[in-house]
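Worksheet for the structure shown next.
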Amino acid sequence: MNITQSYKRVSEALRATSAMLAPCLLLSICLVLYIAVSDINKMTFAFMHYSLFVITIIGCFLSGWFNRSKASFSLVIILLTYISLNWLKQSAHGAETQSIHNLIYCFICVLLPLNITILAFSEERGFFTFWGFLKTLFIVAQLGFLDFITNRAENFFSAKQILLLQKQLLNIASFGMNVNHGEMATSGIIIFAICIAVLMIKASLSGKSMDYGFLCGIIGCNFGLYLYTEPTAPLIFMLGSVLIIITAVFQDSYYMAFNDQLTEIPSRQSLNADLKKLGNRYAISMCDIDFFKKFNDTYGHDVGDQVLRMVAAKLKAVGGGGKAYRYGGEEFTIVFSGKSSEEAYDALEETRRIIEKTPFFLRDKKRPKKDPKNIEEKRGATSKNDSVKITISIGVAEKNRRDSNPEDVIKKADRALYKAKEQGRNKVVRG
């Protein structure tokens, strides 16, 4: 494994750690609160109760604003679950209503994890779209079904038929297992375990904040449902789950705003923010892929994107304490905080040589999309591939009395970059 691959794996691991840190921390706080606080006074409970509604509404608005519609739908489902649990606790607990309560509770235990897991795997397609309408209709249909079973069935069936229907549905929802009032159905535990396992695999593979948010959110909901007969448990854990998903929305939006989606390195917006944090000593380099426009026109934009990813990966692993950013198009910027241009030069020259020596293979048009099974076919498939040489030109400059701010240093590095191109390209020139 080379240095670039090692650096990439370490950076991905750090990103995954930071992505799951906030959701796990919030979930831990909920557990500590539940264990430490045995009772909450009425004023505090009322404040938390109404805060859940306000925060959920604000979270739905912000999620929609950041184009995270599936987070909004998840927040709505969690709030509806909390309202349903409150109804179960506040309504009469006589023998006649016990089967209805058990039925509703079983369906909530099954539907909540399934809904959130389905949303986690769905694509972002907005609210006011056909797909957004389908998701809304799906949620409303489930509410309508539960309402029909509990309140409207008497208009169509006799009392004996309703009781039989409720028992049959309870048997289905609980997988044929006996369920007592206030006890979480074994079916709910099984469904939760499966959904948590699936989301855990998804989150570990993607490393995205939203996936960890859904994972920790569904765990929090599980605690809230399992302990729903406790006075404060549903409120604490449902509020925690809402905050977890909203936090994940902010984390994911921040990452997308400050990182380039194609090359997966910090974007120009991130560069502008970091330039304001530089001290009195630093060097900045401007890098440009040689003949990229001609290469793009010849081989197509898809291949051009692959070149950008490859170069970005090499620049990301630059030594000397440099940090790479995508400036725009085929241009990249590397900032060396606390370094002079002379100190940065060696690291840039080493990176330039690595890129020059790295062959870039063009996939043959007749090559199968899947790898051949036997060695003979594999040799035949790869022998026709052409390899092209990718090179970059680099200009580097440092802060001095004349160029005292980052904008001036970038301009000076840009002028040095053009000198490198004038001198034949594939060079590092100090400004």
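The values are calculated or read from the model by the stated rules, or taken from the named source; none is laboratory data. A quick note: this is a predicted structure, and the numbers were derived from the prediction, not measured. Backbone-built Cβ (ideal geometry, glycine too); neighbour counts: all protein chains shown.
Among the candidates Gly182, Gly279, Gly176, which residue alone is modelled with pLDDT under 90, surrounded by fewer than 17 Cβ atoms within 10 Å (Cβ to Cβ) and in the same structural domain as Leu308 (by TED's automatic domain parsing)? If you could, list the steps in order and put the result at the bottom.
Values: Gly182 fails: in the same structural domain as Leu308 (by TED's automatic domain parsing); Gly176 fails: in the same structural domain as Leu308 (by TED's automatic domain parsing).
Selected residue: Gly279, the only one of Gly182, Gly279, Gly176 that is modelled with pLDDT under 90, surrounded by fewer than 17 Cβ atoms within 10 Å (Cβ to Cβ) and in the same structural domain as Leu308 (by TED's automatic domain parsing).
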Checklist entry - Which one of these is loosely packed, with under 13 Cβ neighbours inside 10 Å and not assigned by TED's automatic domain parsing to the domain that holds Gly207: Asp302, Asp274, Asp290? => result Asp302
Checklist entry - Does any residue of the range 237-253 turn out to be crowded, with 18+ Cβ neighbours inside 10 Å, outside the structural domain of Glu343 (by TED's automatic domain parsing), in a loop (DSSP other than H, G, I, E, B) and of a type outside the set (Lys, Arg)? => result no
Next on the checklist: Can you list residue pairs whose Cβ atoms sit under 9 Å apart, with the first residue in the range 406-431 being over 19 Å from Gly338 (Cα atoms) and the second being of a type in the set (A, V, I, L, M, F, W, C) and surrounded by fewer than 20 Cβ atoms within 10 Å (Cβ to Cβ)? Count only pairs 6 or more apart in sequence or on different chains.
Outcome noted: Arg425/Phe291
Checklist entry - Are any residues in the range 254-268 closer than 20 Å to Ser18 by Cα and assigned to a helix (DSSP H, G or I), and if so, which ones? => result Tyr254, Tyr255, Met256, Ala257, Phe258
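Of the residues that make up the range 386-398, is at least one basic (Lys, Arg) and either modelled with pLDDT of 90 or more or in a loop (DSSP other than H, G, I, E, B) (or both)?
No - not one qualifying residue is present in the range 386-398.
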Checklist entry - Which one of these does Glu230 not meet: (1) of a type in the set (Asp, Glu); (2) more than 30 Å from Ser91 (Cβ to Cβ); (3) not in a helix (DSSP H, G or I)? => result (2)
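On the basis of being surrounded by fewer than 18 Cβ atoms within 10 Å (Cβ to Cβ) and touching a residue at least 60 places away in the same chain (Cβ under 8 Å), does Leu227 make the cut?
Yes: the conditions hold for Leu227.
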Checklist entry - Can you name the condition, by its number, that Tyr212 falls short on among (1) hydroxyl-bearing (Ser, Thr, Tyr); (2) modelled with pLDDT of 90 or more; (3) more than 20 Å from Leu26 (Cβ to Cβ)? => result (3)
Item to check | Scope the range 399-424; condition part of a helix (DSSP H, G or I) and not charged (D, E, K, R); matching residues | outcome: Pro406, Val409, Ile410, Ala413, Ala416, Leu417, Tyr418, Ala420
